[in-house]
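So the structure is just underneath, and the comments pick up after that.
The values are calculated or read from the model by the stated rules, or taken from the named source; none is laboratory data. If you're wondering where the values come from, they're calculated on a predicted model, not measured in any experiment. So basically every Cβ, Gly included, is an ideal-geometry build from the backbone, and we count neighbours across all protein chains shown. Calculation scope for accessible area: heavy atoms of the full protein, side chains included, ligands and nucleic acids excluded. Shrake-Rupley method; radii C 1.70, N 1.55, O 1.52, S 1.80 Å.
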Amino acid sequence: MARLPYVDPASASPEIREALQALPPLNIFRTIAHADTAVRPLLRLGGAILGQGELDPRRRELAILRTAAVTGAEYEWIQHESIARGVGASDEQIAAVRRGDLHTDALDADDRLVLACVEELLRNDAIGEATFASARTRLSDREIVELILAVGYYRMLAGVMNSVAIDLDEPLGGAVIESALRRAEPSD
């Protein structure tokens, strides 16, 4: 059972109610809605990470899954496992990421590089010199920054999920991506 109640859209402020009604009915959104002044910018950032990046979506999802595995965020894993499959990650790749087997033949060299960046970010809060130098030869500057932002964003969400003991939802991968695309668009 969650340690905080979920925000009920019916009793929320008009701004929060509108935001929640535009999202899939997931406990993570109803939890972060407690931070009413931060929820819209936070959702917009999540939308940009999921819907407007240059970083290969499959690699982005492998990075998010590794973040979920390392942080113990089962909620995050459940939601993003279906998204990863939807953008082309294989069962073998997903299983390797979960168990931390980042040198398996199921992953290509760029997958392993991205996951090495994730490991270093989660362990040291920075990508080390050698790994960063490799990333500069195989990823654009934008992709590197997007990767760092994705890991930081999902690490932060893992902290929320784990701290409040969020109740698990059924995976809604497609609906999450669709809402991310809408959230990433600038509003008038």
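At a glance:
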| read-out | value |
| --- | --- |
| Residue under evaluation residue 87, criteria (1) open to solvent by less than 50 Å² (accessible area, probe 1.4 Å); (2) over 18 Å from residue 148 (Cα atoms); (3) β-branched (Val, Ile, Thr), criterion not met | (1) |
| Restricting region 139-149 to residues that are in contact (Cβ under 8 Å) with a residue 60 or more places away in the chain and among the acidic types (Asp, Glu), the residue that is surrounded by the most Cβ atoms within 10 Å (Cβ to Cβ) | 146 |
| Single unsatisfied condition, residue 56 versus (1) open to solvent by 30 Å² or more (accessible area, probe 1.4 Å); (2) within 30 Å of residue 20 (Cβ to Cβ); (3) modelled with pLDDT of 95 or more | (2) |
| Residue check, residue 158 in contact with a Lys or Arg (Cβ under 9 Å, 6 or more places away or on another chain) and closer than 30 Å to residue 27 by Cα | no |
| Residue in region 103-124 that is among the aliphatic types (A, V, I, L, M), touching a residue at least 12 places away in the same chain (Cβ under 8 Å), under 26 Å from residue 2 (Cβ atoms) and assigned to a helix (DSSP H, G or I) present | yes |
| Which listed residue is modelled with pLDDT of 95 or more and either part of a helix (DSSP H, G or I) or over 14 Å from residue 150 (Cβ atoms) (or both), from 65, 23 | 65 |
| Scope region 150-188; condition in a helix (DSSP H, G or I), at pLDDT below 95 and either open to solvent by less than 70 Å² (accessible area, probe 1.4 Å) or among the β-branched types (Val, Ile, Thr) (or both); matching residues | 173, 174, 175, 176, 177, 179, 180, 183, 184 |
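Yes or no, residue by residue, for (1) touching a helix residue (DSSP H, G or I) at 6+ places or on another chain (Cβ under 9 Å); (2) surrounded by fewer than 18 Cβ atoms within 10 Å (Cβ to Cβ); (3) of a type in the set (Asp, Glu); (4) touching a residue at least 40 places away in the same chain (Cβ under 8 Å):
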position	(1), (2), (3), (4)
8	yes, yes, yes, no
26	yes, no, no, yes
68	yes, no, no, yes
74	yes, yes, yes, yes
93	yes, no, no, no
